[in-house]
Every structure is written in structure tokens, then in C-alpha cells.
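The structure under discussion appears below in the form of C-alpha cells.
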Amino acid sequence: MIAGYILTDIAIFFLVYAVIGWITEVIYQAISKGIVVNRGFLNGPICPIYGFGSVIGLLFYDLISYGIIPSLSWWMILIAGFFVSILLEYPTSCILERLFHARWWDYNDLPLNINGRISVITSVGFGIGAIIILNYLIPNFEKTYITIPDFIVVFIVVVLVALHSADFTLTVSHLTNFQRNLDDMEGAFQSKMTVIVDNFYEKQSKLYGKTLSRIAS
């Protein structure tokens with residue numbers, strides 16, 4: 001599909017699966033922890049990392065469809081999905097934490113994790129997801145997609161990209177301002193504590209000096 005697709009087609013594929021990923025994350029949290037939370041980095045119902053993963057899956061699907069690489073068995077797809085998830089999750093976690101000093105996922109409570117950023121269990125889960133995407137979702141998506149008129153596809157992409165761009169801009173702006181406010185508060189707190197400590201030691205020094213004077217006299 002990628003070989004014959006234009007950017008709008010890849011964009012809608014990315015956005016659709018980013019939304020599906022967000023829904024999956026929310027459902028998982030609701031079932032496992034009994035709470036409904038926004039699991040995405042953005043404010044809206046979208047997890048971009050799933051979109052990137054699905055586009056990589058689409059690339060593999062194209063390579064197989066055009067005979068560039070041989071068909072992959074289920075266990076090969078599982079392994080590929082396993083390592084692709086690691087390559088996506090670990091650096092993404094590091095970048096987000098470095099930029100915004102926060103983590104959007106933490107696997108420290110799971111066994112066989114690395115710095116809480118990736119874990120064997122979740123990567124296996126992504127590998128299973130890759131099997132579902134390559135063998136079922138992409139073929140069915142392609143069959144449905146080709147029946148949609150081009151002007152509708154373009155309209156949908158323009159609307160979704162506009163919403164996603166606005167969400168991204170507002171989210172980054174909010175997080176940046178929030179972090180700046182925290183830094184300002186921390187700086188003000190440190191300055192205030194420095195003044196308090198200096199005044200305390202100054203008073204103690206004066207008191208100590210007066211005590212020594214009385215003893216000496």
C-alpha cells in the first residue's frame with residue numbers, strides 16, 4: 001500500500017491506528033486497574049506511538065505483498081513486533097522525560113523491565129498486536145479504504161490533521177508553561193529558604209557571640 005499511497009493515505013492510516021491504540025490503552029487500564037484515564041501524551045484520544053508502529057507494520061505488509069521479502073510466519077511477526085516496540089518505546093520514554101520531566105508509562109512494577117521504560121511482558125503484547133495488525137486489520141482496512149471516494153479521504157485527513165496539530169501545539173505549550181512555572185516556584189522557594197537559613201545562622205552567631213562575651217566577663 002505505501003508504494004502506491006500518497007501522504008494523505010499514510011496520514012489517515014497513522015491517525016486511525018493512533019486512536020485505536022489510545023482506545024486499547026484506556027480499556028486495558030479500566031480492566032486492570034478499574035480506572036479510566038487518558039493514557040496518551042496528548043490531551044486528545046490519540047497515542048502517536050501506535051500510529052508510528054502501525055505505519056511500520058504497513059511497510060512490512062507492502063514488502064510482503066510485492067514479494068520483496070517472503071511471507072512471515074506468526075512467530076516471526078511476534079519477534080519483529082517485540083523488537084519494534086522496544087525501539088519505539090525506550091527512546092520515546094527518554095525523550096519525553098527529558099523534555100517534560102515526566103513519564104507517561106512506567107513498567108517498574110512488571111518483571112524483566114529495563115529502567116521501567118520497556119518490559120518483556122508488554123513487548124510480547126505488542127508482538128501479539130503486530131500479528132493481529134498484519135494478518136487481520138491491515139487487509140480488512142485496505143478493502144474498506146479503497147471503497148471510500150478520494151475527496152472524502154482528503155476531507156477526513158485535513159480535519160484530523162488540523163485537530164491533531166492543534167492538540168499537539170496546546171499540549172506542548174501547556175506542559176512547557178507548567179514546567180516553567182514549576183521551575184520558577186522551585187527557584188523562589190530555594191531563594192526564600194536561603195534567606196531564612198542565613199537569617200537563622202546570623203541570629204545564632206550574634207547570640208553565640210553575646211554568650212561568649214558574658215562568659216568572658
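The values are calculated or read from the model by the stated rules, or taken from the named source; none is laboratory data. Since we're looking at a predicted model, the values are computed, not measured. We place every Cβ from the backbone using ideal geometry, glycine too, and count neighbours over all the protein chains shown. Surface accessibility is based on the protein's heavy atoms, side chains included, excluding ligands, DNA and RNA. Shrake-Rupley method; radii C 1.70, N 1.55, O 1.52, S 1.80 Å.
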Summed side-chain charge close to Glu97 - residues other than Glu97 whose Cβ falls under 15 Å, Lys, Arg +1, Asp, Glu -1 = +1
Region 14-115, accessible area per residue, ligands and nucleic acids excluded (1.4 Å, Å²) = 59 Å²
Roughly to the nearest percent, how much of the accessible area of region 80-166 is carbon and sulfur, given a 1.4 Å probe?
-> 73 percent
Determine the distance separating the Cα centre of region 11-36 from the Cα centre of region 61-109; give it in Å without decimals.
-> 16 Å
Normalised per residue, the volume inside the convex hull of the alpha-carbon atoms of region 1-91 in Å³ amounts to 113 Å³
